[in-house]
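The structure appears right after this line, and notes come after that.
The values are calculated or read from the model by the stated rules, or taken from the named source; none is laboratory data. Since this is a predicted model, take the numbers as computed values, not measurements. Please note: Cβ atoms are built from the backbone with ideal geometry, for glycine as well, and neighbour counts cover all protein chains shown.
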Amino acid sequence: MNDRMSPPELRTSAALASVYGLRMLGLFLILPVFAVYAEQLPGGKSHALIGLALGTYGLTQALLQLPFGMASDHLGRKRVIYFGLALFALGSFIAAVSHDIYWVIVGRGIQGAGAVNAAVTALLADLTREEHRTKAMAMIGGSIGLTFAASLVLGPALYYLISIPGIFALTGVLALAAAAVVRYVVPDPRISSFHSDAETAPARLKGVWRNPELRRLNFGIFALHVVQMAMFVVVPLALRETGGLDANHHWQVYLPVLAVSVVFMIPLILYGEKRARLKPVFIASIALMLAAQLVFVPAIGNFWGIVVALTLYFIAFNVLEASLPSLVSKIAPAGAKGTAMGVYNTSQSLGLFVGGALGGVLAHQFGPPSVFVLGSILIGLWLWLALGMRPPPAVKNLMYHVSARAPDDARRLEQRLAAVPGVIEAVVLAEEGVAYLKVNPHTFDEQALRQALAST
């Protein structure tokens with residue numbers, strides 16, 4: 001087995017990661033400055049409407065990303081991606097020319113409706129070999145984190161140069177550029193087929209939803225993004241009022257805070273993954289996020305208090321954002337990883353919507369501290385749920401092509417594979433011609449597995 005991705009796989013993965021990152025750029029780039037800009041718009045002095053403008057993106061994305069992914073199985077990957085990027089561009093241009101907060105909300109909703117994430121993931125699965133798919137997915141995950149970090153620094157600078165309408169127009173132009181990348185850089189797949197490790201299977205949704213460990217993680221990503229979006233309804237205004245910083249200078253706060261958070265995040269993630277101590281690191285990060293919310297409650301009126309709270313927040317956020325997908329992958333049933341990630345991503349998008357909408361209402365009705373009271377309650381509940389979580393097993397996900405196409409043959413092969421030392425779970429999907437395995441990397445006998453596969 002070749003451990004290196006081929007140049008076409010690398011090029012394709014990088015191109016699709018950039019398209020995926022663009023979607024997130026549309027969400028994140030305005031976060032650090034929109035609340036300040038919105039005050040200039042009719043209706044923009046309402047925290048509730050500011051929150052709705054930020055969060056509507058998440059609602060339409062949550063509603064449409066799974067249907068778009070399923071549609072790509074029947075209509076073609078690229079066709080769905082072109083349509084989604086066109087919607088994204090249209091929403092961006094509508095928001096760019098909007099003269100009141102209400103049309104910005106409409107534009108943001110249309111932006112989110114261009115929910116191509118699932119279709120992009122499916123196309124990536126078509127164009128990469130099974131043994132390299134995890135690496136390709138990791139490139140997409142990395143693009144999201146990089147986009148968020150870059151947006152906190154670039155957003156204020158771009159606000160100074162081209163203001164919010166210019167940022168919206170820029171994301172629209174970039175969406176059209178992304179469509180060109182998909183057309184001219186990403187090859188057409190020879191065969192588009194369903195991939196259980198990358199796509200949502202409707203038949204497996206019930207089983208994934210009923211898994212108590214996955215429900216804990218889905219609530220966690222929901223709560224994490226409620227807190228994220230609600231925070232940006234009030235923090236930009238608080239930085240201006242307490243520190244006297246214009247919005248275009250807010251990067252001076254975010255850049256050092258992010259740098260400190262990365263310094264702490266990397267060793268924590270490495271320690272958790274390498275030493276099989278992911279649960280303690282995970283629990284400690286949730287507790288740190290709770291501490292950040294509790295600090296925000298009295299500190300939202302003090303500049304240096306906000307800086308301290310932001311530092312705690314970003315250390316915890318970065319660790320949690322990096323570890324949650326890994327935990328989902330470890331816990332998801334064999335052959336249902338794609339479905340588990342689909343539910344996870346939908347929970348994330350719903351959190352973005354609820355955080356913006358509810359955070360805006362609370363700030364409008366009860367003042368900024370109430371936003372962090374909400375965050376404290378949600379994160380406290382998540383901490384309680386996470387304490388009851390079983391430590392994630394030390395597992396590795398594997399996939400093999402098999403010749404078993406008849407249901408009876410698939411069941412017999414499943415039994416043989418499950419009997420191999422180190423195999424924790426084995427699922428053979430005859431319709432896909434693949435076997436999905438979860439194995440203990442310390443006890444797994446690969447030679448015995450290959451003998452079992454050869455006997456089919």
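Quick notes
- Pairs where the first residue, in segment 243-272, is more than 27 Å from Leu161 (Cα to Cα) and the second is surrounded by fewer than 17 Cβ atoms within 10 Å (Cβ to Cβ) and of a type outside the set (Asp, Glu), C-beta under 7 Å, 6+ apart: Tyr271/Arg277
- Looking across Ala177, Ala201, Ala150, one residue alone is closer than 21 Å to Ala336 by Cβ and either in contact with a strand residue (DSSP E or B) (Cβ under 7 Å, 6 or more places away or on another chain) or surrounded by fewer than 22 Cβ atoms within 10 Å (Cβ to Cβ) (or both). It is Ala201.
Let's see how each residue does on (1) buried (at least 22 other Cβ atoms within 10 Å of the Cβ); (2) under 25 Å from Leu245 (Cα atoms):
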| site | (1), (2) |
| --- | --- |
| Val297 | no, yes |
| Ile300 | yes, yes |
| Leu310 | yes, yes |
| Lys337 | yes, no |
| Gly342 | yes, no |
| Leu350 | no, no |
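- Test result for Leu22, surrounded by 19 or more Cβ atoms within 10 Å (Cβ to Cβ), at pLDDT below 85, closer than 30 Å to Leu161 by Cβ and not assigned by TED's automatic domain parsing to the domain that holds Gly338: yes
- Which numbered condition Pro212 misses (of (1) buried (at least 17 other Cβ atoms within 10 Å of the Cβ); (2) within 20 Å of Pro325 (Cβ to Cβ)): (1)
Okay, residues lined up against (1) in a helix (DSSP H, G or I); (2) touching a residue at least 24 places away in the same chain (Cβ under 8 Å); (3) closer than 19 Å to Pro256 by Cβ:
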{"position": "Gln111", "(1), (2), (3)": "yes, yes, no"}
{"position": "Leu124", "(1), (2), (3)": "yes, yes, no"}
{"position": "Lys135", "(1), (2), (3)": "yes, yes, no"}
{"position": "Ile140", "(1), (2), (3)": "yes, yes, no"}
{"position": "Ile144", "(1), (2), (3)": "yes, yes, no"}
{"position": "Phe148", "(1), (2), (3)": "yes, yes, yes"}
{"position": "Ser151", "(1), (2), (3)": "yes, yes, yes"}
{"position": "Ala157", "(1), (2), (3)": "yes, yes, yes"}
{"position": "Leu161", "(1), (2), (3)": "yes, no, no"}
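- Single residue of Val186, Val173 found to be in a loop (DSSP other than H, G, I, E, B) and not hydroxyl-bearing (Ser, Thr, Tyr): Val186
- Residue match in segment 26-36 (condition: under 22 Å from Tyr159 (Cβ atoms), surrounded by fewer than 24 Cβ atoms within 10 Å (Cβ to Cβ) and in contact with a Lys or Arg (Cβ under 8 Å, 6 or more places away or on another chain)): yes
- Set side by side, the residues Ala291, Ala276 differ, and just one is surrounded by fewer than 23 Cβ atoms within 10 Å (Cβ to Cβ), among the aliphatic types (A, V, I, L, M) and not in a helix (DSSP H, G or I), which is Ala276.
- Within segment 421-456, the set of residues being under 21 Å from Pro392 (Cα atoms) and β-branched (Val, Ile, Thr) comprises Val423, Ile424, Val427, Val439, Thr443.
- Cβ-Cβ under 9 Å pairs, at least 6 apart or on other chains, segment 209-225 side in the same structural domain as Ser376 (by TED's automatic domain parsing) and part of a helix (DSSP H, G or I), far side surrounded by fewer than 17 Cβ atoms within 10 Å (Cβ to Cβ) and among the charged types (D, E, K, R): Trp209/Arg215; Glu213/Arg390
- Within segment 327-342, tally of residues that are part of a helix (DSSP H, G or I) and either touching a Leu at 6+ places or on another chain (Cβ under 7 Å) or at pLDDT 95 or above (or both): 6
- Filtering segment 56-72 to residues that are crowded, with 24+ Cβ neighbours inside 10 Å and either outside the structural domain of Met24 (by TED's automatic domain parsing) or in contact with a Leu (Cβ under 6 Å, 6 or more places away or on another chain) (or both) leaves Tyr57, Gly58.
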